[in-house]
Amino acid sequence: MAQGTMKIRLSPSDRIFYGIIDVLLVFILIIVAVPLWSTITLSFRPNHFIGSNLEGMFLAPWKWSTAAYRALLGNRGFLMAFSNSLKILVFGVITALFFTVPMAYALSIRGLPGHKFFHIFVLIPYLFNVGLIPAYLVVTTVGLTNRLAAVFLPVAISTYNLLIMRQFFEGIPEELKESARIDGASELTILLRIVLPLSKPILLTIGLYYGVAFWNDFLHALIYLNKASLHPLPILLRNILLASGMNEFVEVNAFGEASVQSIKAASVFMAAIPMVIAYPFIQKFFTKGTLLGSIKG
């Protein structure tokens with residue numbers, strides 16, 4: 001016989017507490033959702049729309065116009081910037097994980113010679129920033145200026161991400177590694193055959209961290225990329241949002257229904273689409289990877 005679900009009785013003080021939490025969560029949801037919805041509706045708003053911003057937020061979908069998106073997708077500069085951002089995202093995440101994973105695994109080995117020294121060595125750049133001018137001189141000296149690699153290669157290893165991944169690796173049962181060592185497996189074999197297959201949550205989580213950082217990176221692109229053909233999306237968005245008329249970016253007159261404000265809103269929304277698409281697929285691993293990487297070890 002199936003047992004009924006047990007109901008937990010809440011005291012009046014608990015009900016008040018949870019009620020306050022619910023109100024705060026709804027308030028935060030409104031703060032996040034209203035600007036997002038306003039941006040979306042503004043991007044679809046036709047040029048001939050007459051009314052306030054509040055009225056535009058409740059504009060019927062059948063009255064929406066896709067002229068702003070057609071104007072952006074028909075602009076070579078926008079497509080080139082979007083392509084540059086995708087290249088930085090893909091190659092940046094691959095490069096960052098390529099360096100972070102073996103380094104985190106090495107730091108997770110307790111018997112590693114110089115274990116304490118390497119930990120201190122890793123923590124120094126986390127506590128003390130190298131500074132913008134020395135970093136620029138290094139990038140210029142090695143010839144990375146006006147190369148997309150200049151955006152992600154100097155920051156390919158994040159100390160914060162490295163420490164989280166190290167904590168996760170330390171939580172993997174040592175017996176699995178020891179049995180592999182007894183069978184003659186090298187540390188590289190243990191990493192590839194045992195550790196990585198068990199580390200999908202943390203790999204996707206850290207990959208998402210790196211991906212968001214590289215996709216939104218504005219400062220490094222502004223400093224190291226002087227050619228307009230290499231500018232990623234954040235630079236182009238800044239130019240679109242600040243330039244008066246935007247005639248050098250988008251041929252608005254080619255689509256009479258697209259207003260300047262609609263194109264600005266559409267560019268902001270399109271810049272967020274890749275992260276919005278990627279997050280639902282990684283969400284089930286995201287919380288698990290962050291939690292386990294923080295508490296293990």
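The values are calculated or read from the model by the stated rules, or taken from the named source; none is laboratory data. Please read these numbers as outputs of a predicted model, since none were measured by experiment. Note that we place each Cβ from the backbone using ideal geometry, even for glycine, and neighbour counts take in every protein chain shown.
Just give me the residues in region 251-290 being of a type in the set (A, V, I, L, M), surrounded by fewer than 13 Cβ atoms within 10 Å (Cβ to Cβ) and at pLDDT below 55, in sequence order. Once the filter is applied, which keeps residues that are of a type in the set (A, V, I, L, M), surrounded by fewer than 13 Cβ atoms within 10 Å (Cβ to Cβ) and at pLDDT below 55, region 251-290 yields only ALA254. Looking only at residues of region 202-235 that are over 30 Å from PHE169 (Cα atoms) and among the small types (Gly, Ala, Ser), we find that the one that is surrounded by the fewest Cβ atoms within 10 Å (Cβ to Cβ) is SER229. Considering region 8-52, and only residues there that are among the small types (Gly, Ala, Ser) and in a helix (DSSP H, G or I), the residue that is modelled with the highest pLDDT turns out to be GLY19.
To keep it simple, each residue is scored yes or no on (1) in a helix (DSSP H, G or I); (2) among the hydrophobic types (A, V, I, L, M, F, W, C); (3) under 22 Å from VAL93 (Cα atoms).
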site	(1), (2), (3)
GLY143	no, no, yes
ALA156	no, yes, yes
ASN161	yes, no, yes
PHE169	yes, yes, yes
LEU176	yes, yes, no
ALA185	no, yes, no
LEU192	yes, yes, yes
LEU203	yes, yes, yes
ILE206	yes, yes, yes
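Right, ILE94: within 17 Å of the chain's Cα centre (by Cα) and without any contact (Cβ under 8 Å) to a residue 12 or more places away in the chain or not? Yes: the conditions hold for ILE94. Contact map, region 262-281: first residue under 23 Å from ASN47 (Cα atoms), second residue surrounded by fewer than 13 Cβ atoms within 10 Å (Cβ to Cβ), Cβ cut-off under 7 Å, separation 6 or more or different chains; pairs are LYS264/LEU241.
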